[in-house]
Amino acid sequence: MKELIKKLVECIGPSGFEHIVRDVIKDEIAPFVDEMHVDALGNLIARKGTRKESGLRVMLSAHMDEIGIIATHIDENGFVRFTTVGGVFPRNCPGGRVRFMNGAQGVIGTERAESADKAYTIEQLFIDVGASSRTDCPVKVGDVAAFDRPMLDLGNRLVAKAMDDRISVAAQIETLRRLKDTPHEVYFVFSVQEEVGLRGATTAAYGVDPDVGIAVDITMTGDTPRGTKMEVALGKGPAIKVRDGRMLSDPRLVKLMVEAAEKAGIPYQMEVLEGGTTDASVIQLTRAGVPSGCVSIPCRYVHSPSEMVDIRDVEHAVRLLLEILSNPILL
Ligand code: CO
Ligand code: ZN
């Protein structure tokens, strides 16, 4: 699965510009799906299985987009000023490299610091693409970019930009491929524009009209020096979400996930996330409401150019999803 993960995380695809990632996913899943289409906003929606007597229409969702930046101004010396696409933290930017959709690359520079202990704001940052004037600058106002980094393989631990949420895209692809026998009609959604407000999953869920919704996304951990107080740690299994900043998971679905993990002997953790949310929060509020939950993959350094996951958690997330999808979902 490492090869697939590398292929996915190294694609460029900030919110609204997911077509490169989507084409990779299409090729990976085409031989295994019963049907797939791309909706008006760009969500890739693949169906597998037909509904048997005990079955439901189940929607899974992992987002294809990543955080990025958008050029707002090019000065006379060719320096690019920018604003953010999604939750880019200025503290994670200085010295970082970015790649624009047209292939142009650059490094993020900073203005002279006013005081050593004050964090930079986005307005104090710029991108140097190696240009010397506005005319020879390969970047124009409105061009978008994402962090640019090759994946780092540390054995069980993998580091890359866009692990949020390509690691879950990889998990969904793997689940789709391995799913053999299901009583459900399963919709594997690869959503757009999550990082700018869960926009893709909002329309995808309306279109799919599921009985049950499960997001697959990353979650934060509390296992780094003086980190956030949180139970979730890398390598201890997928996290079953109880709540996050915008959602309370359906408790019946949480119970079903816990029982599925116990039955199959899959390690798992319980997730209580204080901020942030996932596609599940909008699936839950679709139409007249959809019981929803989330299987999370623990991730360190979220929304930095070096997000870290443990490959064993990914494998266990796939096994948990397979266990859930292979059995009746009785709520
Ligand atoms: Co994110
Ligand atoms: Zn995410």
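So here's what we get for this one:
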{"quantity": "Residue count, segment 285-313 (criterion: assigned to a strand (DSSP E or B), of a type in the set (D, E, K, R) and within 16 Å of ligand 2 (Cβ to nearest atom))", "calculated": "2"}
{"quantity": "Filtered residues of segment 217-229 (kept if part of a loop (DSSP other than H, G, I, E, B) and within 16 Å of ligand 1 (Cβ to nearest atom))", "calculated": "MET220, THR221, THR228"}
{"quantity": "Matching residues, segment 165-210, being within 16 Å of ligand 2 (Cβ to nearest atom), among the polar types (S, T, N, Q) and assigned to a helix (DSSP H, G or I)", "calculated": "SER168, GLN172, THR202"}
{"quantity": "ALA260 being assigned by TED's automatic domain parsing to the domain that holds THR221 and farther than 29 Å from ILE67 by Cβ", "calculated": "yes"}
{"quantity": "Scope segment 182-225; condition surrounded by fewer than 24 Cβ atoms within 10 Å (Cβ to Cβ), of a type in the set (Gly, Ala, Ser) and touching a residue at least 40 places away in the same chain (Cβ under 8 Å); matching residues", "calculated": "GLY207"}
{"quantity": "Filter result (hydrophobic (A, V, I, L, M, F, W, C) and either within 15 Å of ligand 2 (Cβ to nearest atom) or under 17 Å from the mean Cα position of the chain (by Cα) (or both)) within segment 265-284", "calculated": "LEU273, ALA280, VAL282, ILE283"}
{"quantity": "Selected residue (criterion: modelled with the highest pLDDT) from residues of segment 272-295 that are of a type in the set (D, E, K, R) and surrounded by fewer than 22 Cβ atoms within 10 Å (Cβ to Cβ)", "calculated": "ARG287"}
{"quantity": "Single match in GLY109, GLY87, GLY103 (criterion: over 21 Å from VAL189 (Cβ atoms), surrounded by fewer than 20 Cβ atoms within 10 Å (Cβ to Cβ) and within 18 Å of the chain's Cα centre (by Cα))", "calculated": "GLY87"}
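One line per residue, one yes/no per condition, for (1) among the small types (Gly, Ala, Ser); (2) touching a His at 6+ places or on another chain (Cβ under 9 Å); (3) farther than 21 Å from ILE167 by Cα:
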| site | (1), (2), (3) |
| --- | --- |
| ASP34 | no, no, yes |
| GLY42 | yes, yes, no |
| GLY49 | yes, yes, yes |
| GLY55 | yes, yes, yes |
| GLU66 | no, no, no |
| THR84 | no, no, yes |
| VAL88 | no, yes, no |
| ASN102 | no, no, yes |
| VAL107 | no, no, yes |
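The values are calculated or read from the model by the stated rules, or taken from the named source; none is laboratory data. A quick note: this is a predicted structure, and the numbers were derived from the prediction, not measured. Note that each Cβ is placed from the backbone with ideal geometry, even for glycine, and that neighbours are counted across all protein chains shown.
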